[in-house]
Amino acid sequence: MFCVLVVEDDEKLNQMMCATLERNGYHALGAVNAIEALDTLHTTLVDLVVSDIMMPMMDGYQFAEIIHREDNDLPILFVSAKDKLEDKQRGFRLGVDDYMVKPIDINELVLRVGALLRRARIATEHRLTVGGTVLDYDTFEVSWSGKSLT
């Protein structure tokens, strides 16, 4: 199951996005600010981040910069009320993969999450393979040359 971290300071919207993603087969974690989200990223394997821009303590732009310094391959989808072209350009220049303007269609969010995971080649494999050793992130099983070690 793929893990999506939702970073949104509006708790009701955060809960709604997480619940919708869960109903659609994703494991969703919520954070109400970027500091809390960074703590989660340091302790949990996350496949994609959905983040607001206007948040207390640290805005989404700063958050995206930190993410890309630490893990340049982690896809980010901005969901924001900032609808000006300059805001979108700034996000894309920082390496954000997609951008939705609030109010959002929750079903479109699910579609975009799926598309981003496919493009990141995460949706087809959730395993780490080194030589003949395979670690499955979902089942926490380790195998070597096709034989289970767990």
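Computed from the coordinates by the stated procedures, all read-outs in this text should not be read as laboratory data. Source: prediction; values computed, not measured. Using ideal geometry, Cβ is built from the backbone for each residue, glycine included, and neighbour counts are taken over all protein chains shown.
Which order results if Leu85, Leu21, Leu13 are arranged by neighbouring Cβ count within 10 Å, fewest first?
Leu85, Leu13, Leu21
May I ask for the angle, rounded to the nearest 10°, between helix 106-119 and the longest principal axis of the chain, with both axes built from Cα atoms and the value confined to 0 to 90°?
Between the helix axis and the principal axis of the chain, the angle is about 50 degrees.
Evaluate the distance, in nm, between pseudo-label points positioned 7 Å from the Cα of Thr139 and of Leu85 along their respective Cα→Cβ axes.
5.1 nm
For a quick check, take a GNM of the chain with Cα springs below 10 Å and name the residue from Leu48, Leu109, Leu135 with the largest mean-square fluctuation.
Of Leu48, Leu109, Leu135, the most mobile in the Gaussian network model is Leu135.
Longest segment of the chain with no trypsin sites (Lys or Arg not before Pro) in a DSSP loop having at most 16 other Cβ atoms within 10 Å?
1-83
Quick one: among Asp97, Asp73, Asp105, which has the greatest mean-square fluctuation in a GNM of the chain with alpha-carbon springs under 10 angstrom?
Asp105
Roughly what percent of Cα-Cα pairs across the chain reach past 20 Å?
Within the chain, distances greater than 20 Å cover 49 percent of Cα pairs.
Go ahead and run the numbers for FRET between Lys12 and Thr44, Cβ-Cβ distance against an R0 of 35 Å, rounding to 0.05.
E between Lys12 and Thr44, to the nearest 0.05, is 0.90.
Per the Debye formula with a single identical scatterer at each Cα and no solvent contribution, what log10 I(q)/I(0) holds for the range 12-58 at q = 0.15, 0.23 Å⁻¹?
Debye curve over Cα of the range 12-58, log10 I(q)/I(0) at q = 0.15, 0.23 Å⁻¹: -0.39, -0.89.
Where both partners of a DSSP beta bridge lie in the chain, what percent of those bridges are antiparallel, to the nearest 5?
Counting only bridges with both partners in the chain, antiparallel ones make up about 40 percent.
Lysines within cross-link reach of Lys12: Cα-Cα under 30 Å, excluding same-chain residues under 8 positions apart?
Cα-Cα hits under 30 Å: Lys82, Lys84, Lys88, Lys102.
Just flag the chymotrypsin sites (Phe, Trp or Tyr not before Pro) in the range 1-97 sitting in loop per DSSP whose Cβ has no more than 14 other Cβ atoms within 10 Å.
Sites meeting the loop and neighbour criteria: none at all.
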